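Below you'll find the structure, written out as structure tokens, and then a few comments.
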Amino acid sequence: MAGGGVAALGVHTERAAQYKGRMTLAVAMTCLVAAVGGAIFGYDIGISGGVTSMDPFLEKFFPAVFQRKNSGSQNNYCKYDNQGLAAFTSSLYLAGLVASLAASPVTRNYGRKASIVCGGVSFLVGATLNVAAVNLAMLILGRIMLGVGIGFGNQAVPLYLSEMAPAHLRGGLNMMFQLATTLGIFTANLINYGTQNIKPWGWRLSLGLAAAPALLMTLGGLLLPETPNSLIERGRVEEGRRVLERIRGTADVDAEFTDMVEASELANTIEHPFRNILERRNRPQLVMAVCMPAFQILTGINSILFYAPVLFQSMGFGGNASLYSSVLTGAVLFSSTLISIGTVDRLGRRKLLISGGIQMIVCQVIVAVILGVKFGADKQLSRSYSIAVVVVICLFVLAFGWSWGPLGWTVPSEIFPLETRSAGQSITVAVNLLFTFAIAQAFLSLLCAFKFGIFLFFAGWITVMTVFVYVFLPETKGVPIEEMVLLWRKHWFWKKVMPEMPLEDGWGAAEGNAAPASKNHK
């Protein structure tokens with residue numbers, strides 16, 4: 001564990017105003033290729049819901065669900081309540097949770113590129129197993145390998161994007177990951193809409209096409225430059241400066257380079273980043289790394305994205321209508337992410353999160369009221385109310401797409417100091433996947449038990465997370481990633497949690513309101 005002084009504190013002087021650089025072609029290309037990892041993540045989210053609503057797939061792997069689906073006497077809310085079917089969706093995320101923790105040392109010791117390549121190869125293996133599946137075990141194994149790819153990809157790609165982007169454009173560029181995720185979801189919905197009529201093997205085509213973006217991710221990972229932060233952290237300082245000059249389009253990178261070197265000095269003194277992240281000075285970042293991804297899933301968005309066709313069919317939509325509705329929600333999610341990219345570095349993170357949260361609460365309550373009054377276990381929605389439900393769900397997805405969707409990944413990826421960055425991102429991914437697994441596994445049973453109340457359940461959580469952002473999240477817009485540590489000591493709440501810092505380390509001058517010097521700081 002690091003001792004006192006600069007080595008213990010990392011960056012301790014604000015140099016953001018001295019940063020030079022612009023948006024370069026190198027940054028644009030690397031962010032574009034790296035964000036393909038998000039496309040695979042989105043594709044695997046979107047593809048499962050459509051596949052699980054296809055009769056040939058259900059008849060082959062889940063005959064009990066197939067019979068129940070086509071039984072007119074079955075409760076509408078409970079047609080798909082099957083733990084095996086839920087496991088097909090959720091096993092991917094449980095595997096991703098474990099893999100994300102294993103990816104942390106790889107990302108730190110061998111670079112961001114290494115994890116991106118590992119993720120791409122795992123995706124290729126998983127897609128191959130799924131397309132060739134002849135029994136449930138082979139199908140689940142393929143999903144597990146896809147989960148390993150998600151664990152590595154989601155751990156490395158947001159870090160890669162945050163570190164490559166100029167500070168003043170980091171929010172928008174980091175959202176390339178979420179934009180690609182939404183594009184993957186939309187693409188999966190379109191493919192499911194097309195393959196549902198290719199019987200009996202259309203579902204194989206849907207699952208197998210995941211290999212295409214996986215191949216791009218693998219090749220991209222091999223061809224991309226490593227981030228300067230990672231190169232400097234691993235002792236390749238001169239190479240790191242050369243990469244920094246290339247991606248910033250200028251040789252005047254002294255201020256940013258100095259910040260990276262100071263951060264790497266601390267990073268290299270930390271032998272156990274997961275232990276270090278538990279220290280008081282990392283408490284705010286740890287809280288955000290746990291709460292932001294957990295809240296992102298507790299919006300209920302994944303229930304809609306995983307099971308959109310199943311959900312719409314449960315509400316009485318026909319097979320074609322349900323897939324068409326899920327295509328529509330996927331298109332809305334993709335387009336709304338563009339709104340976030342265009343506004344996040346101008347309006348900031350807090351405004352988008354709070355406004356999106358309020359709109360999502362209203363939408364969830366409206367859907368619950370419509371279903372509670374006009375829909376039941378044995379009756380269908382009328383055409384007009386079905387249209388109303390789709391419109392309100394689209395408004396919900398729209399709000400998620402400009403707020404918690406991209407920012408649930410962006411905020412955690414940009415707040416950690418270098419020495420705990422890979423560990424922090426692993427925690428973020430692991431928490432996200434843990435809650436994703438729990439919701440994916442439980443949603444069909446919750447839908448059967450809560451009925452329309454499931455939407456009120458999620459509305460309650462969105463209320464909690466909106467208040468959380470208002471009270472505890474400082475605005476990170478425009479703050480250089482290596483200077484983020486200074487931000488928490490200016491926040492009304494977190495400055496009470498952070499340990500006192502010695503004035504001789506430069507904190508007093510940097511903050512203006514630093515706590516009195518303490519010789520007992522650890």
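The values are calculated or read from the model by the stated rules, or taken from the named source; none is laboratory data. The structure displayed is predicted, hence computed values, not measured ones. For neighbour counting, all protein chains shown are included, and Cβ atoms are generated from backbone atoms with ideal geometry for every residue, glycine included. Remember, those area values only see protein heavy atoms, side chains included, never the ligands or the DNA or RNA. Shrake-Rupley method; radii C 1.70, N 1.55, O 1.52, S 1.80 Å.
Looking at region 333-348, which of its residues are out of contact with any Asp or Glu (no Cβ under 6 Å at 6 or more places or on another chain) and either aliphatic (A, V, I, L, M) or open to solvent by less than 10 Å² (accessible area, probe 1.4 Å) (or both)?
Within region 333-348, LEU333, SER336, THR337, LEU338, ILE339, SER340, ILE341, VAL344, LEU347 qualify.
Report the residue count in region 46-58 for those that are β-branched (Val, Ile, Thr) and under 16 Å from ILE144 (Cβ atoms).
Matching residues across region 46-58 total 1.
In the set VAL125, VAL131, which member is within 23 Å of ALA440 (Cβ to Cβ), touching a residue at least 60 places away in the same chain (Cβ under 8 Å) and open to solvent by 30 Å² or more (accessible area, probe 1.4 Å)?
On inspection, the qualifying residue turns out to be VAL131.
Are any of the residues in region 370-385 out of contact with any Pro (no Cβ under 7 Å at 6 or more places or on another chain), surrounded by 24 or more Cβ atoms within 10 Å (Cβ to Cβ), part of a helix (DSSP H, G or I) and at pLDDT 85 or above?
No, region 370-385 contains no residue that is out of contact with any Pro (no Cβ under 7 Å at 6 or more places or on another chain), surrounded by 24 or more Cβ atoms within 10 Å (Cβ to Cβ), part of a helix (DSSP H, G or I) and at pLDDT 85 or above.
Name the residues in region 401-417 that are in a helix (DSSP H, G or I) and out of contact with any Ser or Thr (no Cβ under 6 Å at 6 or more places or on another chain), would you?
Within region 401-417, GLY405, LEU407, GLY408, TRP409, THR410, VAL411, ILE415 qualify.
For residues that are free of Cβ contacts under 8 Å to residues at least 40 places away in the same chain and open to solvent by less than 10 Å² (accessible area, probe 1.4 Å), tally how many sit in region 217-242.
Count: 2.
Looking at region 262-277, which of its residues are open to solvent by 40 Å² or more (accessible area, probe 1.4 Å) and touching a Gly at 6+ places or on another chain (Cβ under 9 Å)?
GLU265, ASN268, THR269
Do you know which of the residues in region 168-216 that are polar (S, T, N, Q) and not in a helix (DSSP H, G or I) is least open to solvent (accessible area, probe 1.4 Å)?
GLN196
Residue pairs, Cβ under 6 Å, 6 or more apart or interchain, first in region 326-352 and touching a residue at least 60 places away in the same chain (Cβ under 8 Å), second part of a helix (DSSP H, G or I) and open to solvent by 60 Å² or more (accessible area, probe 1.4 Å). List them.
VAL327/LEU190; VAL327/TYR193; PHE334/LEU183
For region 456-481: of the residues being hydrophobic (A, V, I, L, M, F, W, C) and modelled with pLDDT under 90, which is nearest to THR343 (Cα to Cα)?
Ranking the qualifying residues of region 456-481, first place goes to VAL479.
Taking GLU419 as the residue in question, decide whether it is open to solvent by less than 10 Å² (accessible area, probe 1.4 Å), under 30 Å from GLU233 (Cα atoms) and not small (Gly, Ala, Ser).
yes
Show the residue pairs meeting these rules: Cβ distance below 9 Å; 6+ apart or different chains; first residue within region 85-114 and hydroxyl-bearing (Ser, Thr, Tyr); second residue open to solvent by 20 Å² or more (accessible area, probe 1.4 Å) and not in a helix (DSSP H, G or I).
Going by the 9 Å Cβ cut-off, the qualifying pairs are TYR110/ARG234.
Scan region 395-403 and tell me whether some residue there is under 17 Å from GLU475 (Cβ atoms) and crowded, with 21+ Cβ neighbours inside 10 Å.
The answer is yes, given that some residue of region 395-403 is under 17 Å from GLU475 (Cβ atoms) and crowded, with 21+ Cβ neighbours inside 10 Å.
Of GLY84, GLY96, GLY49, which residue is in a helix (DSSP H, G or I) and under 20 Å from PRO158 (Cβ atoms)?
Checking each option against the conditions leaves just GLY96.
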